[in-house]
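Inspection log for the structure reproduced underneath, given as structure tokens.
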Amino acid sequence: HQWLSYGGSDKAGDAFSKREFSFTLNNDIYIRFLSYNNAEEWKADMIKKVPHKIDMGAVYSKEPNQKNFISKDAFKEVSREFILDIDLTDYQDDGTIKSNCIDPTDPEFCKSWKFMAIACKVLDKALREDLGFDHLLWVFSGRRGIHCWVADERARNLTDAGRTAVAEYLNIFKGGDKDKTKLDAIRTPLHPALHRAYEEVLFPAFGELMEDQGWLDEDSMERTLDLVNDAEIKARLVEKWRKRKNSSQEDRWGDLNAAIEKKFKDQKYLAAETVKFIVFKLTYPRLDIAVSKMMNHLLKSPFCVHPKTQRICVPLNPDNVDDFDPNDVPSLEDILRDMETHATANKDKDSAGKKRAPSSPQLDRYVKTFKSSFLTPLMRDWSRAQRAQATAQAPIAAF
């Protein structure tokens, strides 16, 4: 509630009461344009309806629950966080990810999750260093992806055209919102943001990902060699590797690099571009940019329960995202068990004899991450902005 209220500083005034919520209930009953005056109303309605899924949308000019009584011209989106949505299945359709990316309990899933860690690091840096945003909330989707909520006032007030421009800046895959595999040419010199991503994140991770996914294995090598767009190189290396079935991914990558360098021996920059193209094609984040473009798009709420896995959609810290393990994320059952154990151990009373609020140590550490890395800095900026505004509006004292 503190976060979504934005200190009362949003364009709409009372940002929380004009925020759209949506609930998905049992039997896939979907309710949009819910809104609440305060956190207590919101909590009471969740207890009453017991939603399987909670989504959050834009802040409107009027309360969303009054939509049917307001003219279309008077009911408009006025703000919402800029959001990003990245899902592992978008890497699966073209064979980039061959390990399991559906079931987090599968031991193979950790190999797939490395792509989400890469996406978080690349996009976090671009949003902060290139676009100047400070308040980013990264959230595990509860199953196979990550979301980012950019909460700076400048981000919240972006028009749809502005959101599209930011999304297109971050996206290097073209061909329509649903085509996340058609990569624009990688040219020399690289854009500084792409150069940074390549040197700091993508290329250092490439060797390990290649070993994990077997991009030069028997069943994948032809698809990978097609990225070079040279039939002679493809035919020669396929023949060589089929004769040397036990050659390693590292050796085959060396063969491919040597073939590329030979082809472009008089144009070394084209050899470098070809290698970089392969690395970007296989490792760069694949955004669902349709989610980012429109202010009225809904996205699953942080800290809600994923309806399929029952895991909590917990915050991530991009500084240690490599250590994040989706299998360590508590489920609803874990939280309920935690709360029951905690209540029994503490007899549900504090030192003053008052009823103690239920607590879950497994969830508390993620709440701490939410507060320390996102909410506290955001509130600090609200306070600073409000003081500056009060100073600017204060009458000048007469001398």
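Applying the selection to region 251-269, what residues are open to solvent by 40 Å² or more (accessible area, probe 1.4 Å) and either of a type in the set (Val, Ile, Thr) or in a helix (DSSP H, G or I) (or both)?
Asp251, Ala258, Glu261, Lys262, Lys263, Lys268, Tyr269, listed by residue number.
Please count how many residues of region 101-136 are of a type outside the set (D, E, K, R) and at pLDDT below 90.
Adding up the residues that qualify gives 5.
Listed residues Lys300, Lys349, Lys308, Lys354; which is touching a Lys or Arg at 6+ places or on another chain (Cβ under 9 Å) and at pLDDT below 75? So that I can check it myself, show each step before the final result.
On the way: Lys300 fails: at pLDDT below 75; Lys308 fails: at pLDDT below 75; Lys354 fails: touching a Lys or Arg at 6+ places or on another chain (Cβ under 9 Å).
None of the other options fit; the residue is Lys349.
Taking region 26-43, which residues are of a type in the set (Phe, Trp, Tyr) and surrounded by 14 or more Cβ atoms within 10 Å (Cβ to Cβ)? Don't jump to the end; show me each part of the working.
Within region 26-43, the subset of a type in the set (Phe, Trp, Tyr) is 30, 33, 36, 42.
Phe33, Tyr36, Trp42 - these are the residues of region 26-43 that are of a type in the set (Phe, Trp, Tyr) and surrounded by 14 or more Cβ atoms within 10 Å (Cβ to Cβ).
Restricting to region 229-246, name every residue that is part of a helix (DSSP H, G or I) and in contact with a Lys or Arg (Cβ under 7 Å, 6 or more places away or on another chain).
Ile233, Trp241
Specify the residue that is farthest from the chain's Cα centre (by Cα); the eligible residues are those in region 230-250 that are acidic (Asp, Glu) and surrounded by 11 or more Cβ atoms within 10 Å (Cβ to Cβ).
The qualifying residue farthest from the chain's Cα centre (by Cα) is Asp230.
Of these, Lys62, Lys53, which one is open to solvent by 40 Å² or more (accessible area, probe 1.4 Å) and over 21 Å from Trp149 (Cα atoms)?
Lys62
The values are calculated or read from the model by the stated rules, or taken from the named source; none is laboratory data. Keep in mind that this is a model prediction, so the values were computed, not measured. As a convention, Cβ positions derive from the backbone with ideal geometry for all residues, glycine included, and neighbour counts pool all protein chains shown. With ligands, DNA and RNA removed, areas are computed over all heavy atoms of the protein, side chains included. Shrake-Rupley method; radii C 1.70, N 1.55, O 1.52, S 1.80 Å.
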